[in-house]
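Asks: One structure, pasted below without further comment.
Computed from the coordinates by the stated procedures, all read-outs in this text should not be read as laboratory data. Fair warning: this is a prediction, and the values are worked out from it, not measured in the lab. Heads up, the Cβs are rebuilt from the backbone with ideal geometry, glycines too, and the neighbour counts pull from every protein chain shown.
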Amino acid sequence: MGHNTTEQLVPLNIAVLTVSDTRTNSTDTSGQFLVDAIISDGHALADRNIVIDDIYQIRAQLSQWIASTDIHAVLITGGTGFTSRDSTPEAVKVLFDKTVEGFGELFRQISYQEIGTSTLQSRALAGLANSTAIFCVPGSTNACRTAWQRIISSQLDSRQGPCNMVPHLKGIDFQACQQRD
């Protein structure tokens, strides 16, 4: 077993935010995929919301979740493209204490295998704010599936070695988790 791992999953509280001017709870297949994946992997859905693609509405919701002591991670789907309405990166970046540069790079590398050079139009990004992991991915269900299955799931899994993001999240006593194992 590598460092920063546990033998048993440390379940996290994860919130899902869909950024869209048109989706509703019944039509939000991307957000629903993320909800189902979170629960299937043994984590808890802490909250879920849909906001229009507006910098201040995105920041307001995200800021509430970052300030919460009960939310370990936030998954944001939508608003990462190049249209005039796509503003998720601009809304989120300023809230990061640390940027996880490798996430966007790796997401685009993996996506290239699936969608070719269209991946250049993805502005997927990730970071930490108040010890909350934040991942921003495109709004398509396939993009959410790629991001969750190929990157995010393992980084939010305390059993993943040689390291994962769990020890960096608020409210997680990683030393105690390792001693329980």
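Asks: Once the other residues with Cβ under 13 Å from the Cβ of Ile55 are scored (Lys, Arg +1; Asp, Glu -1), what is the net sum? Walk me through the numbers before you get to the answer.
Replies: On the way: positive: Arg59, Arg85, Lys93; negative: Asp53, Asp54, Asp86, Glu90.
My count for the surroundings of Ile55 gives -1.
Asks: Would you mind telling me which residue in Gly81, Gly31, Gly42 has the biggest mean-square fluctuation in a Gaussian network model of the chain, where springs connect alpha carbons within a distance under 10 angstrom?
Replies: Its mean-square fluctuation being the largest, the pick is Gly42.
Asks: In addition: Suppose every Lys and Arg Cβ carries +1 and every Asp and Glu Cβ carries -1, with no other charges. What dipole size does the chain come out with about its Cα centre, to the nearest 20 debye?
Replies: Rounded to the nearest 20 debye, it is 160 debye.
Asks: A further question on this structure: Tell me the chymotrypsin sites (Phe, Trp or Tyr not before Pro) within the stretch 4-98 that lie in a loop according to DSSP and have at most 14 other beta-carbon atoms within 10 Å.
Replies: Of the chymotrypsin sites (Phe, Trp or Tyr not before Pro), the ones in loops of the stretch 4-98 whose Cβ has at most 14 other Cβ atoms within 10 Å are Phe82.
Asks: Right, next: Run the quick spin-label model on Gln64 and Ser84: label points 7 Å from Cα toward the beta carbon, then report their separation in nm to one decimal.
Replies: Label-label distance for Gln64 and Ser84, simple model: 3.0 nm.
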